[in-house]
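Below is one structure, written out as structure tokens; comments come after it.
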Amino acid sequence: MNGRFQNIINSERPVLVDFYADWCGPCKQVPPILKKVKDDFKEQIRIIKVNVDKNPVIATKYNIRNIPTLIVFKSGIPQWTGSGVRHENEIKEIVRQQINGQ
């Protein structure tokens, strides 16, 4: 997954990565929020999930200490990081800023 992950986040289009684990209760609250974000931005953003238990190298590389953690990448560079369950409007505003190049 590591090589594939690098290819995905190297996109010019913002990529929102949801770092989670199957056993994490709060992590289960994130997918419905991200679905609303995806519905709003459609093809302007890519959203992927990374299970930290199955991808420890990626989780370590990006210093994931708490889950859920969201990171927005653009051209392979982290632009924003948020830990914990974030409000839909906050995520949408971050994504909007990345799409608009701010």
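For segment 33-68, the set of residues classified as of a type outside the set (Val, Ile, Thr), part of a strand (DSSP E or B) and crowded, with 16+ Cβ neighbours inside 10 Å consists of ARG46, ASN51, listed by residue number.
A search for C-beta distances below 8 Å between a residue of segment 39-61 that is closer than 17 Å to GLY3 by Cβ and at pLDDT 95 or above and any residue that is small (Gly, Ala, Ser) and part of a helix (DSSP H, G or I), counting only pairs 6+ apart in sequence or on different chains, returns VAL50/ALA59.
Condition first: in a strand (DSSP E or B), free of Cβ contacts under 8 Å to residues at least 24 places away in the same chain and of a type in the set (Ser, Thr, Tyr). Can you find one or more residues in segment 83-91 that meet it? Yes: one or more hits.
Applying the set (1) farther than 18 Å from ILE99 by Cα; (2) over 13 Å from the mean Cα position of the chain (by Cα); (3) surrounded by 12 or more Cβ atoms within 10 Å (Cβ to Cβ) to VAL85 leaves exactly one unmet item: (2).
From the residues in segment 69-82 that are of a type outside the set (A, V, I, L, M) and in a strand (DSSP E or B), which one is surrounded by the fewest Cβ atoms within 10 Å (Cβ to Cβ)?
PRO78
The values are calculated or read from the model by the stated rules, or taken from the named source; none is laboratory data. Please read all numbers here as calculations on a predicted model, not as lab measurements. Positions of Cβ are generated from backbone atoms using ideal geometry, with glycine treated the same way; all protein chains shown enter the neighbour counts.
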